[in-house]
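Please read the structure below before turning to the comments.
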Amino acid sequence: MVKRLALLACFALAAPGAQAQFNLRNLDINKLVDTAKNAVKATTEIGEQEEIGIGRDVAARLLGAAPLMANDGVQRYVNHVGRWLASQTERPDLPWQFGVLEAPQLNAFATPGGNVFITRGLLERMKSEAELAGVLSHEISHVLRRHHLKAIQKGAQTALAGEALSQALASRSGANREKLIALGSEVFTRGLDKGDELEADRLGVAIAARGGYDAYGLPSVLQTLQAMNPQDSGLALMFKTHPAPAERLDALEKLQDLLDAYTAQPQLADRFLASARTRR
């Protein structure tokens, strides 16, 4: 049985900011976030309720491989941050769920319809709430752009033709549904297109800034990953399914125009350290 996480109300951020160390200039945050609205038209073959259902079933498979960490306080905190960020987007009414998986590896995932997970291993490497917000915003961006849904749909058009695909979408059980969800699970071991990951980085930085955070949280996490030993087994799936951290940082840096207006927004390191302890 998949554990349901509590959905908490949005909160206001208030804390002194920290000096950002990664440069982006004059990025139009609202324009960048709002362009995600155009993505809705790209997957009209699968409706929102079907998207949510597929995401729920794929999330159940992920949780079967790595259950939620048994720490209600951390789960509430991550949900709190995630739902605040999701409320800043054009799809705030999706049934957003955020959770920390009991896994030492470093990774984060999103399934269609608003299910977002990070691993305990990645959470333990973070130093501030702004970093958490940056990673969650990246995953939220995949949902907004329907990146995984499009990848699942592309595979299904080959593996499940015509009537079989319709049956898989309409039913919660049966061989065709199992095949569809298996295709969804394969996306997480194969990875998305590089362009999808880089787009989620750009949009994620903007969502975090719109949410009131220092926008350099995600670049800070990428710098942490870049400094780690690439042979570390905990990074194997992350590096297999994502562009290299250096490439992602270079892509963000090409935006040039620095988010001067947002460098004073908070990192909230103290609140993160008090709230995100992964041990009771």
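Amide H to amide H distances under 5 Å link Met69 with Val100, Leu101, Glu102, where only residues 5 or more positions off or on other chains count and H is placed in the peptide plane. Only protein heavy atoms count here; under a 1.4 Å probe, Leu122 has an accessible surface of about 10 Å².
Taking all protein chains together and a 1.4 Å probe, the residues Tyr262, Tyr77 rank Tyr262, Tyr77 from largest to smallest accessible area. Computed with a 1.4 Å probe over protein heavy atoms only, the accessible area of His242 comes to about 30 Å².
Charge tally around Lys194: other residues with Cβ under 10 Å, Lys/Arg +1 each, Asp/Glu -1 each, net -4. For a straight C-alpha distance cut-off of 15 angstrom, the aspartates and glutamates reachable from Lys254 (same-chain residues fewer than eight places away being disregarded) are Asp28, Glu199, Asp201. To the nearest 10, the accessible area of Met238 is 10 Å² with a 1.4 Å probe. Computed from backbone phi, the HN-Hα couplings of segment 88-96 come to 8, 9, 7, 10, x, 8, 4, x, 4 Hz, rounded to whole numbers (Karplus: 6.51 cos²θ - 1.76 cosθ + 1.60, θ = phi - 60°; Gly and Pro given as x). Amide H contacts of Gln97 (H built 1.01 Å from N, in plane; Pro and chain starts excluded): Asn115, Val116 sit under 5 Å, all sequence-distant by 5 or more or on other chains. Proximity of backbone amide H atoms, modeled 1.01 Å from N, is registered between Leu192 and no other residue at under 5 Å, excluding neighbours fewer than 5 places apart on the same chain.
The values are calculated or read from the model by the stated rules, or taken from the named source; none is laboratory data. Here the structure is a predicted model, which means the values were calculated and not measured. All Cβ positions, even for glycine, are placed from backbone atoms using ideal geometry, and neighbour counts span all protein chains on display. Surface accessibility is based on the protein's heavy atoms, side chains included, excluding ligands, DNA and RNA. Shrake-Rupley method; radii C 1.70, N 1.55, O 1.52, S 1.80 Å.
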